[in-house]
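What follows is a structure written as structure tokens; I'll ask about it next.
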Amino acid sequence: MEVLRRRAAELRPGEPLPSTRVLVAEHRVSPVTVSRAIALLVAEGLVVTRPGAGTFVTGRQPTTATDVADTDWQAVPLGDRAVDAGRLDFLLQPSAEGVISLAPGYPHPSLVPTRALSAAVARAARRSDTWERPPATGIRGLRLWFARSVGGAVEPDHVLITSGGQASLSTAFRAVLPPGAPILVESPTYLGALAVAKSAGLRPVPVPVDAGGIELDHLAGAFEASGARALYLQPAFHNPTGACLAEDRRDPLLQICADAGAFVIEDDYARWLAHEKPAPAPLATRDRDGRVVLIASLTKVTSMNLRIGALVARGPVLERLRSLRLVDDFFVSRLIQEATLDLVSSPAWARHLATLSAALAVRRDTLARELARQTPELHVLTVPRGGTNLWVRLPDGLDDAALADR
């Protein structure tokens, strides 16, 4: 990129850059790399491409900031309504050279079904209706697939397609609770959920968890003490402990929420991340009165760039969820929806899930074994049956931040 920028600066307006073939041979890079670099120069206005003729210098100089803008005035209208994204920003930062980050939870590039995804996108792009506007709630085939994957009495009309789990969280939290309201959350819980709650002006109230999931005695007390009208939890392969909500706690949990007149926001992000046996059926399959709002996502099981998920709900809350999604971004790209439906409907989907399951089990066992060998002072509380987290207890007095840095 910099080489081409310097070369363009040395030429007069109207003079051509070398052809792609020459640049490939000269710099020993792929044609794709050359095309991307030229596209960036076009975006900067430094060159222009003419089909069949080549790439020519425009004579425009790269823009530089000569004056420092005075933006201090913005502090008055913005006030103190800051959005704290610090807990999430580090999850999306590129890793330093030689470092494999265990923070993001997305599949390693070797586990991304690249060939199947590419084929699905290509097939979807060739269909003429792909470029038409999709229904605001999502294309019916994909809603049907999500409904069947959840099971129970869930119908396609109960499903709303979203642009991933994080967007679903934001919509669900804002739909069921007003700013300033308390929301019960497992302790510990997913950092992204806490960030969304605070951004929506909600007050997270922690409820302890153990190896069997959220502790029901504390849950009932938290509802009574806080007056909360919603509980956010991850019953399958909880992030970060890896626990599954025990079978004998599931119906009592729904009854406690019913007694409190509260919604259950069920984050089912890890449904397809089981290592051995399938994940337990969602709480939504036991829901008879529209109490559960379920969040599903395919991002963690495919690629961080396949931002696709679903909200499952019944009753008036479904219409509110639909309205919020419509106001926020109209609809999810039909191309992405069609490609996703193609992927999950193909034989490659089952093969990918089997490959991913086996790989995650090996990586989980390797990590647990090496932790025991190299850091015996760290105690693994539970070896999870799914998900991407291994939860350990640190010795008393140990500085967790210092340990992470080391």
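The values are calculated or read from the model by the stated rules, or taken from the named source; none is laboratory data. Here the structure is a predicted model, which means the values were calculated and not measured. All Cβ positions, glycine included, derive from the backbone under ideal geometry; neighbour counts span all protein chains shown. We work out accessible area using only protein heavy atoms, side chains counted, and drop any ligands, DNA or RNA first. Shrake-Rupley method; radii C 1.70, N 1.55, O 1.52, S 1.80 Å.
Residues that are farther than 26 Å from residue 118 by Cα and surrounded by 13 or more Cβ atoms within 10 Å (Cβ to Cβ): does region 397-405 have at least one?
Looking for residues that are farther than 26 Å from residue 118 by Cα and surrounded by 13 or more Cβ atoms within 10 Å (Cβ to Cβ), one finds at least one in region 397-405, hence yes.
Output the number of the condition that residue 352 fails; it satisfies all remaining conditions of (1) in contact with a Pro (Cβ under 6 Å, 6 or more places away or on another chain); (2) under 30 Å from residue 174 (Cβ atoms).
Only one criterion in (1) in contact with a Pro (Cβ under 6 Å, 6 or more places away or on another chain); (2) under 30 Å from residue 174 (Cβ atoms) is unmet by residue 352, namely (2).
One line per residue, one yes/no per condition, for (1) more than 30 Å from residue 239 (Cα to Cα); (2) open to solvent by less than 100 Å² (accessible area, probe 1.4 Å); (3) hydroxyl-bearing (Ser, Thr, Tyr); (4) modelled with pLDDT under 75:
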| position | (1), (2), (3), (4) |
| --- | --- |
| 43 | yes, yes, no, no |
| 58 | yes, yes, yes, no |
| 66 | yes, no, yes, yes |
| 78 | yes, yes, no, no |
| 86 | no, yes, no, yes |
| 91 | no, yes, no, yes |
| 96 | no, yes, no, no |
| 101 | no, yes, yes, no |
| 106 | no, yes, yes, no |
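Can you tell me which residues in region 204-221 are in contact (Cβ under 8 Å) with a residue 12 or more places away in the chain and closer than 22 Å to residue 247 by Cβ? Give the derivation first.
Residues of region 204-221 that are in contact (Cβ under 8 Å) with a residue 12 or more places away in the chain, as a first pass: 204-214, 216, 219-220.
Within region 204-221, 207, 208, 209, 210, 211, 212, 213, 214, 216, 219, 220 meet the criteria.
So which of 382, 366 is among the β-branched types (Val, Ile, Thr), surrounded by fewer than 22 Cβ atoms within 10 Å (Cβ to Cβ) and assigned to a loop (DSSP other than H, G, I, E, B)? Give the derivation first.
Numbers: 366 fails: assigned to a loop (DSSP other than H, G, I, E, B).
After applying the criteria, what remains is 382.
Residues of region 311-370 being closer than 21 Å to residue 273 by Cα and in contact with a His (Cβ under 7 Å, 6 or more places away or on another chain), which ones?
Passing the criteria: 312, 357, 360, 361, 364.
I'm trying to understand the selection: among the residues of region 201-246, which are of a type in the set (A, V, I, L, M) and in a helix (DSSP H, G or I)?
Filtering region 201-246 down to residues of a type in the set (A, V, I, L, M) leaves 202, 205, 207, 209, 211, 214, 216, 219-220, 222, 225, 228, 230-231, 233, 236, 243, 245-246.
Hits for region 201-246 are 216, 219, 220, 222, 225.
OK, next. Determine whether residue 286 is of a type in the set (D, E, K, R), surrounded by 19 or more Cβ atoms within 10 Å (Cβ to Cβ) and touching a helix residue (DSSP H, G or I) at 6+ places or on another chain (Cβ under 7 Å). Reasoning before the result, please.
Details: of a type in the set (D, E, K, R): yes; surrounded by 19 or more Cβ atoms within 10 Å (Cβ to Cβ): no; touching a helix residue (DSSP H, G or I) at 6+ places or on another chain (Cβ under 7 Å): yes.
In short, no.
Scan region 181-193 residue by residue and report those that are open to solvent by less than 30 Å² (accessible area, probe 1.4 Å), farther than 18 Å from residue 245 by Cβ and outside any strand (DSSP E or B).
181, 192
Determine, yes or no, whether residue 308 is of a type outside the set (Lys, Arg), in contact (Cβ under 8 Å) with a residue 24 or more places away in the chain, closer than 21 Å to residue 243 by Cβ and open to solvent by less than 10 Å² (accessible area, probe 1.4 Å).
Details: of a type outside the set (Lys, Arg): yes; in contact (Cβ under 8 Å) with a residue 24 or more places away in the chain: yes; closer than 21 Å to residue 243 by Cβ: no; open to solvent by less than 10 Å² (accessible area, probe 1.4 Å): yes.
For residue 308, the condition - of a type outside the set (Lys, Arg), in contact (Cβ under 8 Å) with a residue 24 or more places away in the chain, closer than 21 Å to residue 243 by Cβ and open to solvent by less than 10 Å² (accessible area, probe 1.4 Å) - is not met.
Is there any pair with a first residue in region 1-21 that is open to solvent by 60 Å² or more (accessible area, probe 1.4 Å) and a second that is of a type in the set (Val, Ile, Thr) whose Cβ atoms are under 6 Å apart and which are 6 or more apart or on different chains, and what are they?
Correct list of pairs: 13/57.
If we scan region 243-263, do we find a residue that is of a type in the set (Val, Ile, Thr), touching a residue at least 12 places away in the same chain (Cβ under 8 Å) and under 29 Å from residue 342 (Cβ atoms)? Walk me through it before giving the result.
Our first condition is that a residue be of a type in the set (Val, Ile, Thr); within region 243-263, this holds for 256.
From what is left, the residues that are touching a residue at least 12 places away in the same chain (Cβ under 8 Å) are 256.
If we keep only those that are under 29 Å from residue 342 (Cβ atoms) too, we end up with none.
The answer is no; no qualifying residue exists.
Turning to a different aspect of this structure: Out of the residues in region 198-218 that are among the small types (Gly, Ala, Ser) and open to solvent by less than 50 Å² (accessible area, probe 1.4 Å), state the one that is nearest to residue 175 (Cα to Cα).
Keep residues of region 198-218 that are among the small types (Gly, Ala, Ser), which gives 199-201, 211-213.
Right, trim to open to solvent by less than 50 Å² (accessible area, probe 1.4 Å) and you get 200-201, 212-213.
Numbers: 200: 10, 201: 13, 212: 29, 213: 25 Å.
Taking the candidates together, the pick is 200.
Let's see how each residue does on (1) farther than 25 Å from residue 236 by Cβ; (2) at pLDDT 90 or above:
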{"position": "351", "(1), (2)": "no, yes"}
{"position": "366", "(1), (2)": "no, yes"}
{"position": "373", "(1), (2)": "yes, yes"}
{"position": "377", "(1), (2)": "yes, no"}
{"position": "380", "(1), (2)": "no, no"}
{"position": "399", "(1), (2)": "yes, no"}
{"position": "405", "(1), (2)": "yes, no"}
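Okay, moving on. Could you say which residue among 335, 356, 343 is touching a residue at least 60 places away in the same chain (Cβ under 8 Å), open to solvent by less than 50 Å² (accessible area, probe 1.4 Å) and over 18 Å from residue 301 (Cβ atoms)? Don't jump to the end; show me each part of the working.
Details: 356 fails: over 18 Å from residue 301 (Cβ atoms); 343 fails: over 18 Å from residue 301 (Cβ atoms).
None of the other options fit; the residue is 335.
With respect to the numbered conditions (1) part of a helix (DSSP H, G or I); (2) more than 27 Å from residue 246 (Cβ to Cβ), which one is the sole condition not fulfilled by residue 138?
(1)
Still on this structure: Looking at (1) over 16 Å from residue 166 (Cβ atoms); (2) within 21 Å of the chain's Cα centre (by Cα), find the lone condition where residue 248 falls short.
The number of the failed condition is (2).
Let me ask you something else. Somewhere in region 145-153, is a residue at positive phi and either in a helix (DSSP H, G or I) or surrounded by 13 or more Cβ atoms within 10 Å (Cβ to Cβ) (or both)? So that I can check it myself, show each step before the final result.
Taking region 145-153 first, the residues at positive phi are 151-152.
Still in the list and also either in a helix (DSSP H, G or I) or surrounded by 13 or more Cβ atoms within 10 Å (Cβ to Cβ) (or both): 152.
Yes, because at least one residue in region 145-153 is at positive phi and either in a helix (DSSP H, G or I) or surrounded by 13 or more Cβ atoms within 10 Å (Cβ to Cβ) (or both).
Take residue 297 and decide whether it is surrounded by 14 or more Cβ atoms within 10 Å (Cβ to Cβ), of a type in the set (S, T, N, Q) and under 30 Å from residue 128 (Cα atoms). Walk me through it before giving the result.
On the way: surrounded by 14 or more Cβ atoms within 10 Å (Cβ to Cβ): yes; of a type in the set (S, T, N, Q): yes; under 30 Å from residue 128 (Cα atoms): yes.
The answer is yes for residue 297.
Of the numbered conditions (1) closer than 29 Å to residue 103 by Cβ; (2) touching a strand residue (DSSP E or B) at 6+ places or on another chain (Cβ under 6 Å); (3) open to solvent by 10 Å² or more (accessible area, probe 1.4 Å), residue 234 fails exactly one; give the number of that condition.
Exception for residue 234: condition (3).
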